[in-house]
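To start, the structure under review is shown below, and the notes come after it.
The values are calculated or read from the model by the stated rules, or taken from the named source; none is laboratory data. Please read all numbers here as calculations on a predicted model, not as lab measurements. Virtual Cβ from ideal backbone geometry, glycine too; neighbours counted across all protein chains shown. Remember, those area values only see protein heavy atoms, side chains included, never the ligands or the DNA or RNA. Shrake-Rupley method; radii C 1.70, N 1.55, O 1.52, S 1.80 Å.
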Amino acid sequence: MVWARWAFYQRHPDYVQHSAPTISRAISDPVIGTPFAAMILAVTTIIALALVPIVNGYRLGIMARYGAGEERRRRSLMRLLVIVLMAQLIGSGGMVLCTQYTFANNHDLHMLGSYLFFLGQGTAIFLSGYLGSRLVDMPDDGLRPRLALLPRMNALRVRAAKIITLTTVLYLAMFVLKGLVPDTIEYTVYYIYTLQEIVAISAFIVYFALFAPDLFGIGRSLGAARSPLPAGATG
């Protein structure tokens, strides 16, 4: 995103004299938009692959935390997990849509993709933060399923989800405000809006990065399970 803005500033100095470019405006230049779309497609593929162990980790955590006598709570959280997954898929699909289609080739599809991306991704993070808050008190005493998410990382993501939700709300507020301010401060407000866009999207990325320790632990558990027993050891 930073590269896209920088490249647009270099290639379109006349435009930036009267308006700060959004990411959407920057990638409307095919020289910028084509490699940007390819990178986003690669990122989306990685996210899709990571969703498999992440969703399974939540599922195992729910089943371990809410056992016999808590079937109602368990079913409720399982349904919430499905909603989180659907919201994430909508957000990821919107991310691909709004980068494959730009202002240069289909303005309406680009805007649809942008709305789906921000609403889907923001919803997924907010709800997954709530879901994680239901699992932070699960004891990490060796009884936790080895492929479940780490309780301490769930706790960290709960706090992160609150901050990111606030960041997203501020971005949406700026989206509305930029069209209501007087001309004298329009450029300044629009410039702040474009920076808030980068902050909001970067926050989405940071949230996903917070799953890295969980995925590393899951990978080690799977590797250990597949390793042959030492010579002379018995199963």
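Could you grab the pairs with beta carbons closer than 7 Å, sequence gap of 6+ or different chains, first residue in the range 143-169 and among the small types (Gly, Ala, Ser), second one assigned to a loop (DSSP other than H, G, I, E, B) and at pLDDT 90 or above?
Listed by first residue and then by second, the contacts come to Ala160/Leu210.
List pairs: first in the range 180-197 and free of Cβ contacts under 8 Å to residues at least 40 places away in the same chain, second exposed (fewer than 15 other Cβ atoms within 10 Å of the Cβ) and among the polar types (S, T, N, Q), Cβ under 9 Å, 6+ apart or cross-chain?
Filtered contacts from the range 180-197: Val181/Thr188; Glu186/Ser19.
Determine which member of the set Arg157, Arg152, Arg220 is part of a helix (DSSP H, G or I) and modelled with pLDDT of 95 or more.
Selected residue: Arg157, the only one of Arg157, Arg152, Arg220 that is part of a helix (DSSP H, G or I) and modelled with pLDDT of 95 or more.
State whether one or more residues within the range 20-40 are touching a Gly at 6+ places or on another chain (Cβ under 9 Å), open to solvent by less than 30 Å² (accessible area, probe 1.4 Å), among the hydrophobic types (A, V, I, L, M, F, W, C) and assigned to a helix (DSSP H, G or I).
Among the residues of the range 20-40, at least one is touching a Gly at 6+ places or on another chain (Cβ under 9 Å), open to solvent by less than 30 Å² (accessible area, probe 1.4 Å), among the hydrophobic types (A, V, I, L, M, F, W, C) and assigned to a helix (DSSP H, G or I), which makes the answer yes.
Between residues in the range 56-75 that are on the phi < 0 side of the Ramachandran plot and residues that are open to solvent by 70 Å² or more (accessible area, probe 1.4 Å) and assigned to a helix (DSSP H, G or I), which pairs lie under 6 Å by C-beta distance while being six or more apart or on different chains?
Within 6 Å, the pairs are Tyr66/Arg73.
When you look at Met86, is it in a helix (DSSP H, G or I) and open to solvent by less than 80 Å² (accessible area, probe 1.4 Å), yes or no?
When the stated conditions are applied, Met86 does not pass them.
Looking at the range 41-54 only, could you name the residues that are in contact (Cβ under 8 Å) with a residue 40 or more places away in the chain, surrounded by fewer than 15 Cβ atoms within 10 Å (Cβ to Cβ) and under 30 Å from His12 (Cβ atoms)?
Leu41
Look through Gly132, Gly120, Gly93 and report the one residue that is under 18 Å from the mean Cα position of the chain (by Cα), closer than 22 Å to Val43 by Cα and surrounded by 20 or more Cβ atoms within 10 Å (Cβ to Cβ).
None of the others qualify; the one that does is Gly120.
Restricting attention to the range 98-110, and to residues there that are open to solvent by less than 40 Å² (accessible area, probe 1.4 Å) and assigned to a helix (DSSP H, G or I), which single residue is farthest from Val55 (Cα to Cα)?
His110
Could you list, in sequence order, the residues of the range 1-19 that are assigned to a loop (DSSP other than H, G, I, E, B) and small (Gly, Ala, Ser)?
Hit for the range 1-19 is Ser19, nothing else.
Which condition number does Ala173 fail, the rest of (1) without any contact (Cβ under 8 Å) to a residue 12 or more places away in the chain; (2) open to solvent by less than 70 Å² (accessible area, probe 1.4 Å); (3) outside any helix (DSSP H, G or I) being met?
Condition (3) is where Ala173 drops out.
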